Structure formats: structure tokens, C-alpha cells
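Please treat every number below as a calculation from the coordinates, not as lab data. Note that the structure is a prediction, hence the values are computed from the model and not measured. A quick note on method: Cβ atoms are made from the backbone with ideal geometry, for glycine too, and the neighbour counts reach across all protein chains shown.
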Amino acid sequence: MLEISSSTSALMPPSVLEAMLNYPNELEVISKLKHVAYSGGPLNPVFGEKLAKVISHLFPLYGCTEGAGPYLESTGDNTHWDGMKFIDLGQRMEEVVPGLYELVITRTELINRTQAYFHTCPDREEFRTADLFAPIEGSDGWWKFHGRTDNWIVMSNGLKMDPTETENAVCAHPQVTGALVAGSHRFRLCLLIELKPETVADTEDERKTLLDELWPTIDKANRAAPRFGQIPKELVLFTSPGKPFSRASKGTIQRRLSIADYEKEIEELYAKAEDGLLTDGLPHLKSTSVSDLLPFLRGLYCETLEKKDIQVDDDIFAKGMDSLLIFVLAARIKAGLWRHGIPEHVIGRVDNALLFNSTTISRLACKLSTVLSGSENASHERANGQMDNANEVRGLLAKYEAKIPTIVRKKRRRGQTIVLTGSRGSLGSYILAAFLARDDVKKVYCLSRSPSAQADQITSFQARGLPDLQSQLDRVVFLQTDLAQPKLGLSEEEYAKLTTEATTIIHNAVSSTSSG
């Protein structure tokens with residue numbers, strides 16, 4: 001049709017645009033179009049980059065069945081072929097996980113006149129779209145679509161994963177027509193791959209050969225994903241030719257229906273693979289004596305924290321251990337004990353509290369050996385352990401109580417200097433705004449892992465209608481930190497400033513291993 005028409009503009013679903021790239025000389029044909037809009041879902045980044053090189057103006061449109069869509073600004077070129085800039089009609093962006101914002105339509109006179117949301121839903125004062133966006137760094141007001149709130153996968157350890165980028169990366173392979181990440185409330189995620197009709201994978205050998213061919217693509221997607229969201233080879237499932245993914249009329253995959261169709265196959269996949277995933281790579285455990293538990297536990301801690309230099313007397317929480325990693329570690333320890341032949345009723349004595357109360361590997365080895373022995377002294381040893389913990393807390397309390405008068409004198413003399421973590425989140429933004437509104441706050445240090453924390457913070461303030469941050473930047477210092485590193489990963493000079501100037505510390509950050 002494009003070849004015989006003189007069209008200069010087109011509006012298509014992403015699935016049609018992507019499918020057109022499979023035809024010979026199609027890029028040459030598409031390049032005749034000056035303006036191409038796509039709507040109904042995101043465009044795969046790999047295909048989008050190819051199209052943006054030959055189309056002078058490629059851009060997305062946005063809409064909702066319940067009420068049309070907010071009006072968008074346009075660059076007229078490909079500067080933001082995958083981005084949107086909403087004209088302000090009273091809608092807002094509300095952060096739901098760090099760095100991702102849900103578009104919320106609020107009832108205003110302008111929206112009532114131009115949109116149908118509150119005619120469709122007359123009893124509401126706001127309409128939550130469930131669509132997530134991330135601000136585009138360096139482009140004020142521009143947002144990139146990042147999936148939906150109902151697409152996020154919650155794993156058994158509480159970690160949350162947005163599967164969109166992994167699925168897009170796998171779908172870019174020429175033999176793949178669809179990919180879905182699944183595994184809600186599981187220890188690891190799995191990947192369902194729908195192949196092109198001409199690709200044959202009927203036998204086990206054919207599937208193994210095909211997986212080896214696809215693995216570089218999956219591995220590349222894994223490297224871009226958080227460690228807890230990476231897909232192991234054992235949890236890749238090829239769909240059946242006679243049971244394709246369910247799709248909407250616009251060509252997008254219907255996640256819940258498709259995963260439900262493969263529920264039985266997914267259960268079988270996990271049943272076959274899960275025991276191996278928990279025990280794969282476990283250090284060998286010779287016995288449950290303290291001397292044999294030490295190398296076993298040290299190996300697990302080094303693997304879990306991804307650090308090779310952890311010693312048995314190091315404070316593992318100072319090395320980056322947190323509640324979510326404790327969950328993972330406890331599962332691996334139990335798997336190792338089960339493989340060693342420890343009865344399940346004995347393994348049941350090993351709980352997360354035991355790991356939380358053991359700040360070093362050597363302490364855990366002693367406590368674990370006692371618990372597993374089931375000896376008459378076990379309850380006595382546990383009582384002694386609780387007494388040790390209480391004494392440790394008393395020591396820490398005495399240590400820091402002695403410093404309070406000095407801190408108070410500093411506060412009175414110079415005004416308050418606040419150290420704040422988690423400032424870019426929803427609660428953190430309001431905490432920062434509250435401090436900046438006070439005359440007795442001289443400076444706020446915001447600690448963040450992100451190199452773009454200042455720009456993100458400005459966007460977060462704007463999205464919430466908080467006071468202009470630009471005019472307050474002389475009172476805010478953004479430092480890129482890593483809380484798991486010695487001295488927070490700061491230089492000697494930066495760390496010295498914090499320790500000498502800080503009068504108040506607000507630790508509001510979530511674990512760096514979690515997305516929520």
C-alpha cells in the first residue's frame with residue numbers, strides 16, 4: 001500500500017510497524033513517510049532505533065479507552081521518538097516506585113471540558129491510568145513509557161521486577177515473536193518464548209540447540225537487569241506452536257491470559273528446576289561443626305553480597321547485608337543443609353531471626369552448629385546468645401549517648417545540617433521540602449546511588465507541586481554514594497565534611513537491591 005500511494009503520514013500500532021521490518025526493502029519504503037505515529041503500546045527499542053534513522057518524524061501517541069488522552073507536545077523530529085511531553089491540563093505524575101511515576105488524571109474544569117474520564121467515571125475525583133513513566137534525563141518535562149503497574153512481578157522474597165526491558169530485548173531476536181517474564185511469588189523468574197512459525201523446536205535436542213542460539217540475547221538482557229531478576233537457562237520455556245500467546249486486537253500480548261494458558265507448563269518447569277537453582281554452586285558442607293560451617297557460610301555470604309573479601313569476623317551488615325538478602329541467604333543455607341542430609345524438622349529451626357542476630361559469620365557458625373546439634377545445651381546457648389546481643393546493644397547505646405552533648409552543641413552553634421537518604425522518593429521529597437522550609441536548617445546533604453540525583457529531585461518536586469527547588473540548590477548538596485562501601489564510597493574530603501558538619505541523619509532509603 002505504501003509503495004503505490006503517495007502518503008506522507010501514517011498512524012500504526014507498534015506490532016504492524018515492527019512486522020513491516022521483516023519485508024525486503026521495507027526501510028526504503030517507510031523512509032518515504034515524513035510523519036509516523038504509533039499508538040497502542042511501546043515500540044521495541046531495537047526496531048525503534050532502526051525506524052528513527054529513516055523516518056524524519058517518528059513519535060508516540062497516548063490514549064485511554066476511558067477518556068481519550070492528554071494532549072502532547074511535538075518536537076517535529078526524532079529527538080524523542082520514544083518520549084512524550086504532556087500539555088498541562090491538571091494531570092500529575094505520582095511516583096510509585098523510585099524513579100517511576102504513574103500518570104494520574106485529576107478532575108479539573110479543563111479536563112472535564114476536553115476529556116471523557118469523569119463522564120465515564122462520574123463518581124471519581126481522579127483517574128489512575130496504571131501507566132508508568134520515567135523522566136528523560138536532561139529533557140525537562142519529557143517522559144518515557146515504562147510499562148504498567150499491573151505488569152510488575154513480585155517475587156517470593158519481596159523484590160519487584162519490571163519485565164518490560166528484558167522482554168523487549170529478547171523479542172528483538174529474529175527467531176522470536178513474543179516473550180513474557182513470569183514467576184510471581186517464586187524464588188527466581190522464568191521466561192516464556194514464542195517462536196516464529198518456521199522455527200522448529202519439537203524435540204529436546206532441538207530445544208537445547210535453539211536455547212544455545214538464543215542465549216547470547218538472553219544473557220545480554222540479563223546483564224541489563226537487576227541480579228535478582230536475571231533468568232537462568234533452566235527456567236526458559238518455549239511455547240507450543242498450537243498455543244500462541246493471547247493478543248489484543250492491536251497486536252499487544254495479553255500478559256495475564258497468556259501466562260494463565262501456560263500455568264501447568266510453568267509449574268512443571270519450576271518443579272524440575274527449582275531444587276537445582278537453590279543448590280547450584282553451593283559450597284560443599286562436610287559437617288555441622290563450627291570449623292566446617294565457617295567456609296560454607298563464608299562462601300554463601302561472598303556469593304550473596306557479590307564480594308570476595310568478606311572475612312569471618314567482618315560485620316556483614318556493614319558490608320551491605322539487608323533484610324531482602326537475608327531472605328535469599330536463609331533459603332540457600334537451608335538448601336545446603338538439606339543436601340547434606342539434615343532432617344527437615346531440624347532445618348526448620350533455622351530462621352531469618354538467627355541470621356539477623358548474627359552480625360558476623362563466625363557468630364552465625366557457632367549459633368548454627370548449636371541449633372543443628374539439638375543438644376541439651378542448645379536452649380542455654382540461645383539464651384547466652386540473646387544475652388550477648390543485649391550487651392552489644394547496651395555497648396552501642398553507651399558509645400553514641402556519649403556523643404549527644406557534642407552534637408547538640410554543634411546544632412546550637414551552627415544551625416542544623418541534615419544528612420538525608422531516599423530523598424528522590426515520594427516520602428523523601430516531602431521530607432526534603434519540609435527541611436528546606438525551615439530557617440534553622442543550614443544545609444541538607446542528599447545521599448543517592450544515582451549520578452543524576454539533582455535532576456531527578458527537581459523532577460520529583462515538580463511532579464508533586466512542591467516549592468521550586470532550583471532556588472534552594474545553594475542549601476542542598478547531592479552526593480553519589482554506596483551505603484555498602486566503606487565511608488559510603490565517598491572521598492576522604494567528602495566523608496570528613498559529613499562527619500564534622502552533620503547534626504541530624506534521616507535514613508529514609510529502601511534497599512538498593514529492591515525496586516520498590
task: Could you order peptides 41-49, 337-345 by the average number of other Cβ atoms within 10 Å of their residues, highest first?
output: 41-49, 337-345
query: How far apart, in nm, are two points set 7 Å out from the Cα along the Cα-to-Cβ line at A434 and at K233?
result: 5.2 nm
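Please order Y270, Y495, Y71, Y301 by the number of other Cβ within 10 Å, starting at the fewest. Could you put the intermediate results ahead of the total?
Details: Y270 20, Y495 16, Y71 13, Y301 24.
Sorted ascending by nearby Cβ count, the order is Y71, Y495, Y270, Y301.
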Partners for K443 among lysines (Cα-Cα distance below 17 Å; same-chain residues under 8 apart left out): K410, K411, K497
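Which percentage, to the nearest 5, of the DSSP beta bridges contained in the chain is antiparallel?
Values: 28 of 54 bridges.
Here the antiparallel bridges make up roughly 50 percent for the chain.
Please report the relative contact order for the chain, taking Cα pairs under 8 Å with a sequence separation of at least 6, and give it as a percent rounded to a whole number.
Numbers: 746 pairs, mean separation 53.4, N = 516.
The value is 10 percent.
Near L100, within a Cβ-to-Cβ distance under 13 Å, what is the net charge of the other residues, with Lys and Arg +1 and Asp and Glu -1?
Combined, the nearby Lys, Arg, Asp and Glu give -3.
At a 10 angstrom cut-off on C-beta neighbours, averaged per residue, how do the peptides 326-336, 484-494 rank from highest to lowest?
The densest-packed peptide leads the list: 326-336, 484-494.
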- request: Express in nm, to one decimal, how much length is gained between N357 and A68 on full extension, taking 0.36 nm for each residue of separation and deducting their alpha carbon distance.
  value: 98.6 nm
statement: With a 24 Å threshold on alpha-carbon distance, the violating pairs from K160/K220; K208/K264; K144/K487; K160/K286; K208/K307; K50/K220 are K144/K487; K160/K286; K208/K307
message: As an exercise, use a Förster radius of 51 Å and the Cβ-Cβ distance of S373 and H185 to find the FRET efficiency, rounded to the nearest 0.05.
response: 0.90
Amide H partners (placed H, <5 Å) of E95, local residues excluded: E102
query: What's the local net charge at T481, with K and R +1, D and E -1, over the other residues with C-beta under 11 Å away?
result: 0
- prompt: Among the DSSP beta bridges whose two residues both lie in region 152-274, what percent are antiparallel, rounded to the nearest 5?
  reply: 75 percent
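I want the local charge near D292. Using Cβ-Cβ distances under 13 Å, sum +1 for each Lys or Arg and -1 for each Asp or Glu among the other residues. List each step's numbers first, then the result.
On the way: positive: K286, R298; negative: none.
Here the charged neighbours net out to +2.
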statement: Cross-link reach from K32 to aspartates and glutamates, straight Cα distance under 14 Å and at least 8 residues apart if same chain, gives E3
